[in-house]
Each structure stands twice: as structure tokens, then as C-alpha cells.
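Structure, as C-alpha cells:
The values are calculated or read from the model by the stated rules, or taken from the named source; none is laboratory data. These numbers were taken from a predicted model, which means no experiment stands behind them. Methodologically, a virtual Cβ is constructed for each residue, glycine included, from the backbone with ideal geometry; neighbour enumeration extends over all protein chains shown. Side chains included, ligands, DNA and RNA excluded: accessible areas come from the protein's heavy atoms. Shrake-Rupley method; radii C 1.70, N 1.55, O 1.52, S 1.80 Å.
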Amino acid sequence: SKLLKLDKLINWERLRSYLGKIHKKDFNENSDRGRRSYDKISMLKLILLGQWNSLSDEELEYAVKVRLDFISFCGFDIDDKVPDHSTICRFRNKLIERNLIDKILIEVNNQLSENNLKVKKANLAVIDATLIESNARPNRTKTIEENIAKDREEQQVSNNNKISNLNIEESDSADEDATWLKKGSKYHFGYKSFATTDEEGYITKTKTIPANQSEINQMEDMVTDSKEFSGDKGYDSKGNRQILRSKGIKTRIMYKKPKGRPMTKWQKRFNKAVSKRRFIVEQSFGTIKRRFKFNKASYFTTKKVNAQFTLKAICLNLLK
């Protein structure tokens with residue numbers, strides 16, 4: 001089975017040192033027999049199974065009670081009590097609070113490289129962003145029609161901005177970090193999640209921001225140790241190109257059309273060549289959204305949404 005292969009692929013004990021900051025009392029379960037403790041590696045495997053199978057904490061609690069492959073993979077005793085959903089939630093929150101999920105992604109990738117399944121230093125790294133819907137909806141908003149009418153009135157005075165750049169009034173929501181973004185003719189409420197992949201589609205870095213924030217200033221955090229670094233026109237700036245040059249990385253960022261003049265033939269040819277290679281990261285997003293069902297976040301706040309995205313990235317890399 002896949003879980004048996006997965007269990008043999010990764011040296012899970014090497015991940016134990018990253019979990020050292022989590023103490024058993026942080027996620028113990030109260031019971032009639034006192035406080036119940038669970039092995040941290042077993043809990044980590046359980047968290048990954050939840051993201052792999054897109055299960056809620058309640059669904060995951062039930063699955064690990066009835067599925068022998070889940071019990072075996074996590075190392076629980078078939079006759080023993082398994083963690084309940086609140087214990088699962090507390091353990092995941094401790095991973096997030098202590099910023100451990102990014103470190104786990106790095107360690108998993110290192111082991112994949114050691115097993116010759118992933119290149120250690122990529123020739124090409126590609127950055128892109130995808131929209132993730134918030135798990136909450138606004139309690140109240142102005143209608144789209146009101147915002148369009150207001151925007152048109154403002155443009156009659158200034159005539160500087162396009163209708164598409166609407167300032168949508170932020171709304172009361174259980175997810176305080178989620179924001180509105182208009183893309184094309186559609187409105188999105190949620191986040192932008194960034195990924196940097198290597199030329200094989202393995203995700204090496206992740207980042208999440210509210211949906212209405214600009215992409216252009218996010219690139220520096222996403223640069224990896226590669227020979228070339230590619231991105232679409234949203235990352236075209238002198239600052240970003242200088243960042244790559246200072247690291248000795250060849251710039252493969254697409255050019256935006258200069259204001260007031262056409263693009264040169266060389267820039268057009270360059271953009272066409274770069275765009276042909278960007279499918280790598282788009283395929284990774286497609287797998288995360290279709291196979292691991294991550295069109296919509298399960299949790300609130302930027303930090304927790306990015307943690308879920310990173311867990312999904314680990315699942316993608318293990319699947320590959």
C-alpha cells in the first residue's frame with residue numbers, strides 16, 4: 001500500500017528532534033485513568049494523514065479508530081485508545097505555534113534528495129501564487145453594484161484607475177486576516193499562497209498572505225538555492241532582479257510591458273521562453289487543489305492557512 005511505502009521512504013525518527021519543543025503535556029488527553037500521552041512521531045504521522053485525505057479532526061479521529069492502515073502507519077496499538085479530535089487539534093496548533101512545519105518540509109525534502117528522488121540543488125526554481133478561499137464568509141458587505149457605482153464616481157473625477165481595481169470595503173468575518181480580491185470578473189475572499197518549486201515540481205518554500213496584498217514584494221522570502229529563478233510579470237521589478245543577481249542566480253522573471261512604449265522583440269521572445277517552463281509550479285498547484293482538495297482553507301488566520309498549505313506541500317512531495 002502507499003502508506004507502507006511511505007513509512008519505509010522516510011526515516012521518521014530523524015524528525016523527532018524537530019518535535020522536541022512540543023511537550024507531552026501540551027497535547028495530552030484527559031481520561032479517567034489520568035493524562036494520556038501519545039508518541040510525537042505518531043501524532044505527526046496522524047496530522048499528515050489528515051491533510052493527505054482531506055479529513056476534519058473529527059473525521060480523522062473516526063478513521064484512525066476503524067482503519068487498520070491508519071493505525072499501523074501511525075504506530076498505535078489496535079486495542080488501545082487513539083487520540084480524539086481535540087488532542088489532534090492541540091498537537092497541530094503546537095506545530096504551528098513553534099514554527100515547526102517549515103522545518104519538517106525541509107527535512108522531508110532533504111531525505112528525498114538523499115534517496116535520489118529529488119535533486120539537492122535545482123537548476124531552475126519557479127515561483128507562483130494561487131488563491132485560497134477562506135473558511136469563513138463575511139457577515140456583512142456592501143454589494144458589488146454599490147462598489148462599482150462608487151468606483152465609477154471616483155474615476156469620473158480622477159480617471160486614473162481602472163474599474164477592475166475596486167476598493168471593496170472589508171467586512172466583519174470570523175477569519176480576521178482574510179481579504180477581498182477582484183480577479184477578472186470574479187471576487188475572491190481569502191488568501192494568496194505562494195510556492196517555489198524545483199524543475200521537477202517539488203515544493204521547497206511556501207508563504208501565505210491576505211488576498212489583497214501585492215505579489216511583487218514577496219519574492220525575496222521565496223528565493224532558493226538554484227542556478228536560475230523564474231516568475232511571471234507580477235515579480236518584475238529592479239529590486240527583485242537585483243536580489244537574484246546579488247545571490248548569483250540567473251534571472252528568469254518575465255518582463256512587464258514598459259509604460260508608453262512597446263516591448264522589444266527580445267523581451268517578447270524571453271517571455272515566451274520563460275512562460276513555457278512555468279507549467280511546473282502550476283501543475284503542483286493543480287495537484288494540491290484536486291488531489292488534496294485545497295481550494296478552501298480549513299482554518300482561520302494567515303499563519304494557520306499557511307501551515308495547512310505547507311502540510312499539503314509535504315504531502316505533494318511525498319506523493320511524487
dims of the chain, Cα set, principal axes, largest to smallest, nearest Å -> 73, 49, 31
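As an exercise, identify the trypsin sites (Lys or Arg not before Pro) in segment 229-283 lying in DSSP coil whose Cβ has no more than 11 other Cβ atoms within 10 Å.
On the way: sites: Lys233, Lys238, Arg241, Arg245, Lys247, Lys250, Arg252, Lys256, Lys259, Lys265, Lys268, Arg269, Lys272, Lys276, Arg277, Arg278; in loops: Lys247, Lys256, Lys259, Lys276, Arg277, Arg278.
Loop-located and lightly packed - Lys259, Lys276.
Once the piece of chain linking Tyr62 and Lys81 is laid out straight, how much longer is it, given 0.36 nm per residue of separation minus the C-alpha distance between them? It would help to have the intermediate numbers written out before the result.
On the way: separation 19, 0.36 × 19 = 6.84 nm, distance 1.16 nm.
5.7 nm is the gain from fully extending Tyr62 to Lys81.
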So the number of lysine pairs in segment 1-117 with alpha-carbon atoms under 13 angstrom apart, 8 or more residues apart or on different chains, is 10
In terms of the charge dipole of the chain, which places +1 on Lys and Arg and -1 on Asp and Glu at the beta carbon, the residue among Gly286, Met263, Leu318 farthest towards the positive end is Met263
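With all protein chains present, how much of the accessible area of the chain (probe radius 1.4 Å) comes from carbon and sulfur, to the nearest whole percent? Mind dumping the intermediate values first?
Numbers: 8040 of 17030 Å².
Accessible surface attributable to carbon and sulfur in the chain totals 47 percent.
Just how large is the dipole of segment 68-122 about the Cα centre, in debye to the nearest 20, putting +1 at every Lys and Arg Cβ and -1 at every Asp and Glu Cβ? All intermediate terms of the calculation are to be shown ahead of the outcome.
On the way: 9 positive and 9 negative charges, 97 e Å.
Around 460 debye, computed over segment 68-122.
Counting helices only, and only those DSSP H runs with n ≥ 4, report the 222 nm mean residue ellipticity of the chain as the sum of -39,500 (n - 2.57) divided by its residues, in deg cm²/dmol to the nearest 500. If you can, show how the numbers build up before the last one.
Details: 12 runs with 134 residues, N = 320.
Helix-only estimate at 222 nm: -12500 deg cm²/dmol.
Relative contact order of the chain: what whole-number percent is it, with Cα pairs under 8 angstrom and at least 6 residues apart?
On the way: 463 pairs, mean separation 62.2, N = 320.
Relative contact order, the chain: 19 percent.
Only bridges whose two residues both fall in the chain count here: according to DSSP, what percent of them are antiparallel, nearest 5? It would help to have the intermediate numbers written out before the result.
Values: 24 of 33 bridges.
In the chain, approximately 75 percent of DSSP beta bridges are antiparallel ones.
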To the nearest 10 degrees, the tilt of helix 265-275 (Cα long axis) against the first principal axis of the alpha carbons of the chain is 20
So the angle from the long Cα axis of helix 57-66 to the longest Cα principal axis of the chain, reported in degrees to the nearest 10, equals 40
Taking Cα atoms, the helix 85-97 axis meets the longest principal axis of the chain at an angle in degrees (rounded to 10) of 50
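Accessible area per residue, 1.4 Å probe, Å², for the chain: what's the number?
Working: 17030 Å² over 320 residues.
Per residue, the chain has an accessible area of 53 Å².
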Taking a straight Cα-to-Cα line shorter than 29 Å from Lys265, and setting aside same-chain lysines fewer than 8 residues away, one finds Lys162, Lys183, Lys227, Lys233, Lys238, Lys247, Lys250, Lys256, Lys257, Lys276
